[in-house]
Each structure stands twice: as C-alpha cells, then as structure tokens.
1. Which of the residues that make up the range 35-47 are over 14 Å from residue 139 (Cβ atoms) and modelled with pLDDT under 95?
2. Inspect the range 25-34 for any residue being buried (at least 17 other Cβ atoms within 10 Å of the Cβ), closer than 18 Å to residue 133 by Cα and at pLDDT below 95 and give the result as yes or no.
3. Here is a check on your reading of the model: is residue 37 surrounded by 13 or more Cβ atoms within 10 Å (Cβ to Cβ), within 24 Å of residue 152 (Cβ to Cβ), in contact with a Lys or Arg (Cβ under 8 Å, 6 or more places away or on another chain) and among the hydroxyl-bearing types (Ser, Thr, Tyr)?
4. May I ask you to verify whether residue 146 is surrounded by fewer than 14 Cβ atoms within 10 Å (Cβ to Cβ), under 20 Å from residue 11 (Cβ atoms) and either without any contact (Cβ under 8 Å) to a residue 60 or more places away in the chain or of a type in the set (A, V, I, L, M) (or both)?
5. Would you check if residue 164 is closer than 21 Å to residue 15 by Cβ and not aliphatic (A, V, I, L, M)?
6. Could you please let me know if residue 29 is more than 11 Å from the chain's Cα centre (by Cα) and within 27 Å of residue 155 (Cβ to Cβ)?
7. Please determine whether any residue of the range 53-69 is of a type in the set (A, V, I, L, M), over 16 Å from the mean Cα position of the chain (by Cα) and either part of a helix (DSSP H, G or I) or farther than 20 Å from residue 10 by Cβ (or both).
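The values are calculated or read from the model by the stated rules, or taken from the named source; none is laboratory data. Just so it is clear, the model here is predicted, and its values are computed rather than measured. We place every Cβ from the backbone using ideal geometry, glycine too, and count neighbours over all the protein chains shown.
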Amino acid sequence: MIRSGDEQLIEQFRYNAWATLRLIEFCEELDPQMLETPVRGGHGTVKDVLANLVGMEEFYLAVVEGSAPRAPRSRFTNLDDLYDRALRLAERWERRLQQPPHPERLVEIWEGGEGRRVRVGTVLAQVLAHGGEQRTRVASALEGRGVEVPPLDAWTYGVWLERHRQQQPRREAL
C-alpha cells in the first residue's frame with residue numbers, strides 16, 4: 001500500500017515523538033547527577049537541553065495551531081513532567097496532522113524580541129530538525145561521560161514498531 005504524503009508526515013512526527021520519549025525514559029534511569037552534564041552547543045546541561053527540546057516543540061505546535069506565542073524560556077522541572085508533556089505533544093501532533101496544514105500558509109513567530117512570518121512547512125521541518133539536533137547533543141554529552149545511550153535512529157524505531165505491531169492483533173484489510 002502506498003502512503004499519502006499526509007501519512008508520511010504523521011509517521012515522521014511519530015518517530016520524532018518516539019525518540020524523544022525513549023531518551024527521556026533512558027535519562028530517568030540515570031544517576032541524577034548525569035542530568036547536570038554540560039552539553040556543547042546546547043542550552044546548558046542535559047536537563048536544560050531536554051527542557052528546551054520539549055518546550056520548543058510546544059512552541060512550534062502552538063505556532064502551527066495559530067496561537068503565535070513568543071518562544072518560551074524552557075526551564076527544567078523534572079523528567080516525569082517532561083515525559084508527560086512530550087506524550088501530550090505526540091497526541092496533539094497526531095490529531096493536528098490528521099488534517100495537515102498547508103505548507104505555504106504563513107504564520108507569525110516571535111523569537112528574539114521580534115516577530116516575523118514564516119511558512120508552516122518551515123516550522124514543521126524545524127520541529128524535526130530541532131528534535132534530532134537536541135537528542136544528538138544530549139546523547140553526545142552522556143557518551144562523553146561513558147554512558148551508553150540506546151540507539152534513537154529511525155532504523156531502531158522501525159524495529160521497535162514492528163515488534164510492537166506483532167504484539168497486537170492486526171486488523172484485516174477491508
């Protein structure tokens with residue numbers, strides 16, 4: 001079966017959510033001191049980058065939905081909170097992308113004290129790029145401290161997804 005472009009977009013966001021949730025789950029098992037590990041090119045420590053990852057994705061979704069907020073100052077609360085927020089984001093993206101926004105639609109975005117208009121397609125691309133960059137920064141910082149971070153790539157997602165599907169009954173094609 002060939003997937004439509006809408007389904008392909010949803011699948012990319014499902015992968016993005018899976019990778020973020022897996023990374024947060026992994027971090028929950030670490031010694032809490034590891035969350036204080038500095039991250040190069042990031043926003044402070046591991047916990048700060050995780051907070052930025054989730055906070056910016058909330059911002060980007062609000063922009064796509066038309067709320068046009070200003071970019072938040074992401075602050076770390078705790079990993080349970082970040083996980084819950086990331087899970088809610090995954091559900092919100094799933095609903096939002098069922099009727100995907102037109103990529104050429106312009107939305108207003110406020111960053112660095114000024115507003116500008118950008119294409120929705122650009123915002124959607126930024127969600128995925130930002131997620132991948134921030135997860136890589138966290139993984140690199142932890143690996144620099146000798147922590148083996150589980151793979152978060154799309155191939156691993158595909159294997160996970162297939163195993164998950166095998167555990168649940170398949171619906172027959174109509």
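1. Scanning the range 35-47 gives 43, 44.
2. no
3. Working: surrounded by 13 or more Cβ atoms within 10 Å (Cβ to Cβ): yes; within 24 Å of residue 152 (Cβ to Cβ): yes; in contact with a Lys or Arg (Cβ under 8 Å, 6 or more places away or on another chain): yes; among the hydroxyl-bearing types (Ser, Thr, Tyr): yes.
Spelling it out, residue 37 is indeed surrounded by 13 or more Cβ atoms within 10 Å (Cβ to Cβ), within 24 Å of residue 152 (Cβ to Cβ), in contact with a Lys or Arg (Cβ under 8 Å, 6 or more places away or on another chain) and among the hydroxyl-bearing types (Ser, Thr, Tyr).
4. Details: surrounded by fewer than 14 Cβ atoms within 10 Å (Cβ to Cβ): yes; under 20 Å from residue 11 (Cβ atoms): no; either without any contact (Cβ under 8 Å) to a residue 60 or more places away in the chain or of a type in the set (A, V, I, L, M) (or both): yes.
Answer is no for this residue.
5. Against the criterion (closer than 21 Å to residue 15 by Cβ and not aliphatic (A, V, I, L, M)), residue 164 qualifies.
6. Values: more than 11 Å from the chain's Cα centre (by Cα): yes; within 27 Å of residue 155 (Cβ to Cβ): yes.
It is true that residue 29 is more than 11 Å from the chain's Cα centre (by Cα) and within 27 Å of residue 155 (Cβ to Cβ).
7. Step one: of the range 53-69, the residues of a type in the set (A, V, I, L, M) are 53-54, 56, 61-64, 68.
Pick out the ones that are also over 16 Å from the mean Cα position of the chain (by Cα) and you get 68.
After this cut, where a residue has to be either part of a helix (DSSP H, G or I) or farther than 20 Å from residue 10 by Cβ (or both) as well, the list is 68.
Checked the range 53-69: at least one residue is of a type in the set (A, V, I, L, M), over 16 Å from the mean Cα position of the chain (by Cα) and either part of a helix (DSSP H, G or I) or farther than 20 Å from residue 10 by Cβ (or both).
Conditions tested, residue by residue: (1) surrounded by fewer than 17 Cβ atoms within 10 Å (Cβ to Cβ); (2) within 21 Å of residue 154 (Cβ to Cβ); (3) not polar (S, T, N, Q).
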site: 55; (1), (2), (3): no, no, yes
site: 87; (1), (2), (3): yes, yes, yes
site: 95; (1), (2), (3): yes, no, yes
site: 103; (1), (2), (3): yes, no, yes
site: 117; (1), (2), (3): yes, no, yes
site: 129; (1), (2), (3): yes, yes, yes
